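Asker: Can you read through this structure? Questions will come right after.
The values are calculated or read from the model by the stated rules, or taken from the named source; none is laboratory data. All values derive from a computational prediction rather than experimental measurement. Neighbour counts run over all protein chains shown; Cβ positions are idealised from the backbone, glycine included.
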Amino acid sequence: MKHTIAIVGAGLSGLLTARVLVDRGASVIVLEKSRGVGGRMATKRVGDAVFDQGAQYFTARDPAFQACVQDWIVQGTAARWPSSTHRWIGQPAMTAIGKHLSAGLTIERERKVTAARRHAAGCWELDIEEHGMIRAERLVLTAPVPQSLAILDAGGVVLPAELHARLRAITYHPCLALLVVLDGSSDVPVEGVVPDSGPLRWIGDNVKKGISPQVPAAVTLHASAAFSTQHYGRPEAEVSALLLEAARPWFAGRGVVTTTLHRWKFSEPRTEFGEPCVWLPELTLGLAGDGFGGARVEGAALSGLALAGRVATHLMH
Ligand SMILES: Cc1cc2nc3c(=O)[nH]c(=O)nc-3n(C[C@H](O)[C@H](O)[C@H](O)COP(=O)(O)OP(=O)(O)OC[C@H]3O[C@@H](n4cnc5c(N)ncnc54)[C@H](O)[C@@H]3O)c2cc1C
């Protein structure tokens, strides 16, 4: 079957692009390599404990994103971080935002796109790992930029040289995330901790945040970019021990019940593109994501909205 638009990635930028285009009557298919939606706005359950393991909260400064957040609040999908006036969280947890945006969209999960080729007929052919191929008239890539470029490279797509060089220059920090269940309450303040040195850059207690009521403490630890780069490939036990040691002052002497390590290879862009998205009408190809809109949830959202606007204009001509 040939779709009007294929979108690779069901993170916030891909879902918002899809949402806007479907609301304008386009036929859209979203292909997502994971089992869930939301990308880096991810929530993980470990036994009774619930952790936001990627984005911890989001801010909304731009009126276009403020309008999205307002809609999510009305729908019961977002709420204020307890005690904060400017931080927003997903309800009941971060992954709720992706689930909410997915309603009514055609999303194929566990579909990893490995290559995109321009067909002689002017459409796109996408290879999907272990699931054959699909065709689409237009292609939108919303994975972290190195992953999007790998898809195009595998299909032999030649981008304008200057654009290709600018895209190649977008690289990402890794982030090691350790999810820790304690046997008693932590000393992490409700607003979390942002250490300004050492191995950690974030300590947040999901119980105090209000998303994990069934355990005494469920702490998300995010390692700094320097630590994550240095220790990315090290064994889980070694990394966990180092991060637990760094977080010990906030554990109130409590015992550690479980730890789960997640390795984010592409956590946040080090450098940004400088424009909210890319749309190449001659190739009917678009790219969006936080590598374009800015290294935050809001940046990803604004990028998706910007690209949806460009594609919608193209569809009208
Ligand atoms: C540890 C961490 C902490 C963060 N903290 C914050 C925070 O507190 N506040 C904040 O505002 N932002 C934070 N961020 C950043 C924020 O999460 C991101 O900027 C935003 O979620 C990016 O959305 P996106 O749509 O651009 O990309 P993603 O969410 O990465 O979505 C891309 C999607 O594409 C899929 N994909 C990739 N390759 C393929 C393929 N070949 N085929 C099919 N699908 C594919 C992925 O599985 C993913 O679902 C954090 C990020 C991390 C990792």
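Asker: Can you spot a residue in the stretch 155-170 that is in contact (Cβ under 8 Å) with a residue 60 or more places away in the chain, farther than 23 Å from PRO249 by Cα and among the small types (Gly, Ala, Ser)?
Answerer: Yes: one or more hits.
Asker: Now, a different point. Would you confirm, using the coordinates I've provided, whether THR229 is assigned by TED's automatic domain parsing to the domain that holds VAL190 and closer than 18 Å to LEU182 by Cα?
Answerer: no
Asker: How many residues does the stretch 83-130 hold that are among the hydroxyl-bearing types (Ser, Thr, Tyr) and either within 9 Å of the ligand (Cβ to nearest atom) or modelled with pLDDT of 95 or more (or both)?
Answerer: The qualifying residues number 4.
Asker: Could you list, in sequence order, the residues of the stretch 274-305 that are hydrophobic (A, V, I, L, M, F, W, C) and within 17 Å of the chain's Cα centre (by Cα)?
Answerer: Passing the criteria: CYS277, LEU287, ALA288, PHE292, ALA295, VAL297, ALA300, ALA301, LEU302, LEU305.
Asker: Right, here's the next one. With more than 20 Å from the chain's Cα centre (by Cα), within 30 Å of GLU275 (Cβ to Cβ) and within 11 Å of the ligand (Cβ to nearest atom) as the only criterion, which of VAL158, VAL194, VAL145 stands out?
Answerer: Just a single option satisfies the conditions, and that option is VAL194.
Asker: Right, next: Can you tell which of SER84, SER102 is in contact (Cβ under 8 Å) with a residue 40 or more places away in the chain and over 25 Å from LEU139 (Cβ atoms)?
Answerer: Exactly one of SER84, SER102 is in contact (Cβ under 8 Å) with a residue 40 or more places away in the chain and over 25 Å from LEU139 (Cβ atoms), namely SER84.
Asker: Continuing with the same structure: Take the conditions away from the ligand (no atom under 13 Å from the Cβ) and either in contact (Cβ under 8 Å) with a residue 24 or more places away in the chain or within 18 Å of GLY39 (Cα to Cα) (or both) and apply them to GLY309. Does it pass?
Answerer: yes
Asker: When the residues of the stretch 257-304 are narrowed to those that are of a type outside the set (Gly, Ala, Ser), surrounded by fewer than 16 Cβ atoms within 10 Å (Cβ to Cβ) and more than 13 Å from the ligand (Cβ to nearest atom), which ends up modelled with the lowest pLDDT?
Answerer: Checked the stretch 257-304; the qualifying residue modelled with the lowest pLDDT is THR271.
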